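The structure appears right after this line, and notes come after that.
Nothing in this text is a laboratory measurement; each read-out follows from the coordinates by a stated rule. Model, not experiment: these values are computed from the prediction. Ideal geometry is used to build each Cβ from the backbone, glycine not excepted, and the neighbour counts take in all protein chains shown.
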Protein chains: 2
Amino acid sequence: MNAPLADSTALLTDRYELTMVDAAIRAGTHDRQTVFEAFGRSLPHGRRYGVVAGTGRLLELISAFRFGDAELDYLRENDVVGGATLDWLADYRFTGQIRGYREGEAYFPDSPLLVVESSFAEGVLLETLILSVLNYDTSVAGAAARMVSAARGRPVAEMGSRRTGERSAVAAARAAYIAGFGATSNLEAGRTWGVPTMGTAAHAFTMLHDSEEEAFRAQVATLGAGTTLLVDTYDVPEGVATAVRVAGTGLGAVRLDSGDLLTLVGAVRQQLDDLGATGTRITVTNDLDEYAIAALAATPVDSFGVGTSVVTGSGHPAAGLVYKLVAREDAEGRWVSVAKKSADKATHGGRKHPVRMIDSSGTAVTETVFVGDAAPDDAPGRPLHVELMADGAADERYLGAAGVVAARGHREVSLAELPDQAFRLASGAPAIPTVFEAV
Amino acid sequence: MNAPLADSTALLTDRYELTMVDAAIRAGTHDRQTVFEAFGRSLPHGRRYGVVAGTGRLLELISAFRFGDAELDYLRENDVVGGATLDWLADYRFTGQIRGYREGEAYFPDSPLLVVESSFAEGVLLETLILSVLNYDTSVAGAAARMVSAARGRPVAEMGSRRTGERSAVAAARAAYIAGFGATSNLEAGRTWGVPTMGTAAHAFTMLHDSEEEAFRAQVATLGAGTTLLVDTYDVPEGVATAVRVAGTGLGAVRLDSGDLLTLVGAVRQQLDDLGATGTRITVTNDLDEYAIAALAATPVDSFGVGTSVVTGSGHPAAGLVYKLVAREDAEGRWVSVAKKSADKATHGGRKHPVRMIDSSGTAVTETVFVGDAAPDDAPGRPLHVELMADGAADERYLGAAGVVAARGHREVSLAELPDQAFRLASGAPAIPTVFEAV
């Protein structure tokens with residue numbers, strides 16, 4: 001018997017992964033070596049590129065994918081699998097190889113984002129967990145990256161925890177930070193992943209007090225004049241006047257969370273300047289998405305806070321990634337490329353070796369995917385796969401808060417390679433084509 | 001010092017909840033008694049009704065909202081709050097009253113879904129957690145209920161774990177079950193919440209084997225002839241013929257996961273009948289939503305599996321619920337109704353007592369919300385609030401697997417009261433109007 005596992009991820013899994021293993025063990029096919037691949041058949045509609053996120057988080061969750069007594073008891077009591085399979089699961093740990101795109105990497109349709117090489121049973125068990133993590137985090141990162149470029153250098157903060165599941169909120173804060181957001185409201189993302197946190201007060205704080213002035217005085221007394229005062233609970237011009245009267249012209253910022261921001265921001269800037277608060281910044285947080293951010297580019301806004309739209313992938317809350325068997329051994333141990341044949345769900349079989357081809361100006365021109373045992377030795381361009389897990393052990397560089405910092409840095413490098421049209425908000429084709437080449 | 005807490009939910013919180021408490025403690029206003037309310041200003045666009053979900057799960061998470069050493073250390077090291085507030089947080093447990101709609105209840109715009117009565121500091125701290133849980137779970141339940149009615153009595157199973165965050169997947173399975181789904185693929189939802197689980201095999205299992213027949217034989221040998229065989233990996237008519245040849249005419253079901261289901265289902269039914277497999281069911285699982293389910297109503301399909309669309313709320317991945325201060329004590333201990341005044345984010349101040357008015361035929365006619373200290377004694381109709389937490393202790397009836405069963409039953413009762421137009425899929429106005437009445 002195994003000891004109870006505090007944080008096992010093993011049951012975050014579709015039942016059919018277990019029943020497939022059960023049937024394969026009985027048939028003696030569970031140990032066939034296989035290659036599974038996670039990829040998206042397309043980007044979310046009209047997007048020019050995607051941004052991989054979730055990888056570091058995923059590697060940690062795979063390491064916690066173990067069946068303790070509690071998990072085995074549930075499977076036994078519910079007749080999910082038979083006794084031989086329960087014994088096999090009790091000893092399960094992933095011992096295979098995982099390579100894939102670095103977290104923060106730009107990707108395109110059919111980019112082979114994650115490749116899992118292991119026995120069938122070891123690899124198939126991870127399908128649900130891999131897709132849950134990558135689909136959600138990548139959805140958030142793809143939306144967040146567009147918001148960051150729409151903001152043209154002005155800081156964007158993630159504050160959507162309340163608009164997604166309470167644990168997804170932590171993942172969303174992490175993914176948005178990797179994609180270029182500057183901070184999050186989510187404290188757990190700060191503690192677990194080192195994401196900078198921000199936030200001062202809501203309307204409730206103002207309304208708790210007998211006047212707006214009393215509320216502002218309480219906030220400044222505790223958080224200092226450099227704080228951000230929320231000025232739209234009652235009347236904005238009055239709120240701004242009170243804010244500067246209470247905090248002085250050294251007031252850090254005012255926040256606007258309602259109203260017609262396109263006209264309001266200019267008026268507030270004028271009022272702040274007239275009051276001498278020329279260094280006081282204006283931050284806006286009213287149901288923003290990448291289009292609203294772009295529309296505000298002409299106003300004197302200093303920073304943005306984004307909620308619902310970023311944590312729900314701005315209309316695409318799942319990135320549409322799938323996890324498919326692309327190669328396996330046959331009964332004689334020979335490798336066979338495999339692919340489902342249906343017209344609407346086609347898959348490229350075989351082992352993939354993706355390379356981003358870069359022209360002499362440093363701009364990406366194609367996503368070239370070599371299919372075969374290895375990429376040609378003389379292939380130009382930037383190889384896109386790194387080793388993430390070797391014999392079941394994760395590469396430490398991609399884990400924890402350090403992994404987040406690395407991913408954020410890599411996103412900057414990867415996006416800097418993309419052609420200008422990648423950053424258009426309007427719907428269009430992927431910024432570069434994906435090309436398959438047999439080796 | 002507190003002992004470490006294995007599963008504290010305290011940092012699943014926006015930073016500003018903590019800084020507001022910090023400032024209120026210093027100002028001496030943190031202990032003012034308050035009423036916070038969770039509600040939606042509207043339903044997701046065009047929906048006729050919503051279904052409350054997440055409540056039972058939320059009550060358990062609130063009970064785990066405690067600041068242990070790890071949480072306090074993070075807050076101290078990052079200067080989130082001062083020393084007096086850290087001391088206050090170390091002793092924090094919610095001691096107030098929570099009443100609200102039962103889980104599974106239908107709701108409408110401005111329905112006061114959850115009312116939290118406590119000190120300001122105790123109530124404001126829970127804002128993020130309350131909204132994360134209710135917004136996601138209610139989003140899923142609202143979409144799921146429409147799919148169930150579109151299926152007209154045929155079973156619908158949730159299988160979207162891979163298309164939402166790995167922990168949200170568990171919540172989604174639970175919410176869909178409450179809304180009338182019959183089962184889920186998610187094993188953790190089975191273990192934690194008692195939701196029935198289902199699933200047999202994916203395309204990868206067929207492709208692992210050297211022929212479709214070999215794969216089907218392996219599956220039937222382990223799962224029995226009553227299993228569901230996935231017949232569309234290669235060629236559907238051939239897959240169906242092989243399935244019946246391998247499993248016999250007692251084959252439980254065939255599953256179709258691709259192709260034009262509107263024509264395919266009829267052809268497969270004909271083939272099964274011709275082969276003598278008249279009792280073999282047909283289940284379909286190809287990117288379904290409520291509209292696709294309704295369109296398939298005229299085909300001889302027996303059951304549906306739904307993934308992406310249900311776990312992402314079918315276009316509305318957050319239910320749009322907000323949590324607002326609606327009443328508070330002033331410095332003299334007198335109650336004051338409060339509300340933010342902006343035109344685009346109006347809130348009804350005051351304590352609410354919602355009643356569903358029912359006509360003589362048993363059909364709901366209005367959502368009547370009495371505003372004041374209590375509903376009138378002689379108010380007709382069905383009172384919608386129940387006590388969920390008294391002095392910080394949750395009502396056990398709403399917790400765990402038993403709470404899920406109760407919520408599922410209540411959803412059936414609540415939806416049975418709604419007028420027929422509630423179940424139209426087309427966009428329209430809420431099925432009944434929400435009416436406010438001052439007491």
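Take the Cα pairs of segment A:54-162, get the Kirkwood Rh, then feed it into Stokes-Einstein at 25 °C and 0.890 mPa s and tell me D in µm²/s.
Numbers: Rh = 16.6 Å.
For the chosen part, D equals 148 µm²/s.
Fewest first, what order do B:Glu437, A:Glu332 take by the number of other Cβ atoms within 10 Å?
Numbers: B:Glu437 15, A:Glu332 6.
Lowest count first: A:Glu332, B:Glu437.
What helices does chain B hold that run 27 Å or longer along their axis, going by alpha-carbon atoms, with a Kyte-Doolittle average of -1.0 or more, using DSSP H for the helix calls?
Values: long enough: B:127-150 (34 Å, 0.79).
Those that clear 27 Å and a mean of -1.0 are B:127-150.
Based on the Cα gyration tensor of segment A:161-282, what are the three equivalent ellipsoid semi-axes, each the root of five times an eigenvalue, rounded to whole Å and given largest first?
Values for segment A:161-282, descending: 28, 16, 14 Å.
For segment B:97-176 and segment B:205-219, what is the separation of their Cα centres, given in Å?
40 Å
Convert 37 °C to kelvin, take the viscosity as 0.692 mPa s, use the Kirkwood radius over C-alpha pairs of segment B:1-89 as Rh, and evaluate the Stokes-Einstein diffusion coefficient in µm²/s, rounded to a whole number.
My calculation gives 211 µm²/s for D.
Which net charge results when you count Lys and Arg as +1 and Asp and Glu as -1 among the other residues whose beta-carbon is under 13 Å from that of B:Arg411?
So the surrounding residues net to -1.
Can you give the net charge of the other residues whose Cβ lies under 15 Å from the Cβ of A:Gly276, counting K and R as +1 and D and E as -1?
That works out to +1.
Using Cα pairs under 8 angstrom and six or more residues apart, how large is the relative contact order of chain B, in percent?
Relative contact order comes out at 23 percent.
For segment A:109-152, what is the largest minus smallest coordinate of the Cα atoms on each principal axis, given in angstrom and ordered from greatest to least?
Here the spans come out as 47, 18, 12 Å, largest first.
How far apart, in nm, are two points set 7 Å out from the Cα along the Cα-to-Cβ line at B:Val435 and at A:Arg93?
Result: 6.6 nm between the two label points.
Any idea what diffusion coefficient segment B:291-439 gets from Stokes-Einstein, in µm²/s, Kirkwood Rh on alpha carbon pairs, 10 °C, 1.306 mPa s?
82 µm²/s
Pick from B:Arg162, B:Arg408, B:Arg99: which is most flexible by mean-square fluctuation in a GNM of chain B where alpha carbon atoms under 10 Å apart are linked?
B:Arg162
On the first, second and third principal axes, largest extent first, how far apart are the outermost C-alpha atoms of the protein assembly as shown in Å?
Principal extents (largest minus smallest coordinate, Cα): 83, 76, 51 Å.
Do the sum for chain B: with -39,500 (n - 2.57) for every DSSP H run of n ≥ 4, divided by all residues, what is the mean residue ellipticity at 222 nm, to the nearest 500 deg cm²/dmol?
That calculation yields -10500 deg cm²/dmol at 222 nm.
Can you work out the FRET efficiency for the pair B:Arg397 and B:Asp260, with r the C-beta to C-beta distance and R0 = 45 Å, to the nearest 0.05?
It comes to 0.45.
Rg to Rh ratio, chain A, alpha-carbon atoms and Kirkwood radius?
1.05
So how many Lys-Lys pairs in the protein assembly as shown land under 17 Å Cα to Cα, not counting same-chain pairs under 8 apart?
Taking the protein assembly as shown as the scope, the lysine pair count is 10.
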